[in-house]
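Enquirer: Please read through the structure below; I'll follow up with questions.
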Amino acid sequence: MTETPTIDPAMTMEAILAVFPSAQRALFQRYHVGGCASCAFQPGDTLAEVCKQHNMLDVNEVVRHLETSHEMDQRMQVEPVQVKAWIDGGEDFRFIDVRTPQEIELASIEHAEPLDFADQGKYMSLPKDTRIVFSCKSGMRSLDIAAYFAGHGFTRIHSMRGGIDAWRDEVDASIPAY
């Protein structure tokens, strides 16, 4: 078992994002920091500096929030071989590819349905206990979308770790790389 990394307030945001890629989403969701030009931070800023600049007084609470968010993200991730096992076993779930139509033209997973960008609201009307697996190219966009759905009360949400790149490496080598 790998040890969960820890965050120190003296770490730069660049270093934090290298270990906790979803830290920017977590900061934005809770503190409205890092999502737009008016609340941005620089890669070289330390977490303590970002907290001071944005009047987040309890740096340790921010650290706990980032670490908890990271743990939640880890629990949402599912391995490509597990998704393949669910497909092969006839499990009932939605497998949604969140990449752009242009990316899907380059490479796709047979059982994944493309995200309907014209009617994204239809997914919100699914039962909250529907098992949904999101996939993208590398696993980052799908993790953001999975977190969004989890935040809206869905209880069986997953992001496929490593996206289509990992699927190609671990399940189906015939899928083109791009």
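Taken together, the values in this text are just the output of simple stated rules run on the coordinates, not laboratory data. All values derive from a computational prediction rather than experimental measurement. Note that we place each Cβ from the backbone using ideal geometry, even for glycine, and neighbour counts take in every protein chain shown.
Enquirer: When the residues of the stretch 93-125 are filtered to those that are farther than 18 Å from residue 163 by Cα and out of contact with any helix residue (DSSP H, G or I) (no Cβ under 9 Å at 6 or more places or on another chain), which remaining residue is surrounded by the most Cβ atoms within 10 Å (Cβ to Cβ)?
Expert: Applying the filter and picking the extreme gives 120.
One line per residue, one yes/no per condition, for (1) closer than 23 Å to residue 20 by Cα; (2) in contact with a Ser or Thr (Cβ under 9 Å, 6 or more places away or on another chain); (3) in contact (Cβ under 8 Å) with a residue 24 or more places away in the chain; (4) in a loop (DSSP other than H, G, I, E, B):
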| site | (1), (2), (3), (4) |
| --- | --- |
| 119 | no, no, no, yes |
| 122 | no, no, no, no |
| 126 | no, no, yes, yes |
| 129 | no, yes, yes, yes |
| 133 | yes, yes, yes, no |
| 143 | yes, yes, yes, no |
| 147 | yes, yes, yes, no |
| 165 | yes, yes, yes, no |
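Enquirer: Suppose we filter the stretch 100-110 for residues that are among the aliphatic types (A, V, I, L, M) and part of a loop (DSSP other than H, G, I, E, B); how many remain?
Expert: So the count comes out to 2.
Enquirer: Taking the stated definitions as given, is residue 30 in a helix (DSSP H, G or I) and touching an Asp or Glu at 6+ places or on another chain (Cβ under 8 Å)?
Expert: Considered against the rule, which asks whether it is in a helix (DSSP H, G or I) and touching an Asp or Glu at 6+ places or on another chain (Cβ under 8 Å), residue 30 comes out as no.
Enquirer: Quick one: count up the residues across the stretch 127-140 that are surrounded by fewer than 18 Cβ atoms within 10 Å (Cβ to Cβ) and under 15 Å from residue 98 (Cβ atoms).
Expert: So the answer is 2.
Enquirer: Sort out which residues of the stretch 58-99 are of a type in the set (Gly, Ala, Ser) and either more than 16 Å from residue 131 (Cα to Cα) or in a strand (DSSP E or B) (or both), and write them in order of number.
Expert: Residue satisfying the conditions is 69 alone.
Enquirer: I would also like to ask the following. From the list 153, 163, which one is closer than 17 Å to residue 94 by Cα and in contact with a Cys (Cβ under 9 Å, 6 or more places away or on another chain)?
Expert: Exactly one residue qualifies, and that residue is 163.
Enquirer: Among the residues that make up the stretch 74-91, is at least one of them surrounded by 12 or more Cβ atoms within 10 Å (Cβ to Cβ), touching a residue at least 40 places away in the same chain (Cβ under 8 Å), farther than 20 Å from residue 161 by Cα and not hydroxyl-bearing (Ser, Thr, Tyr)?
Expert: For the stretch 74-91, residues surrounded by 12 or more Cβ atoms within 10 Å (Cβ to Cβ), touching a residue at least 40 places away in the same chain (Cβ under 8 Å), farther than 20 Å from residue 161 by Cα and not hydroxyl-bearing (Ser, Thr, Tyr): absent.
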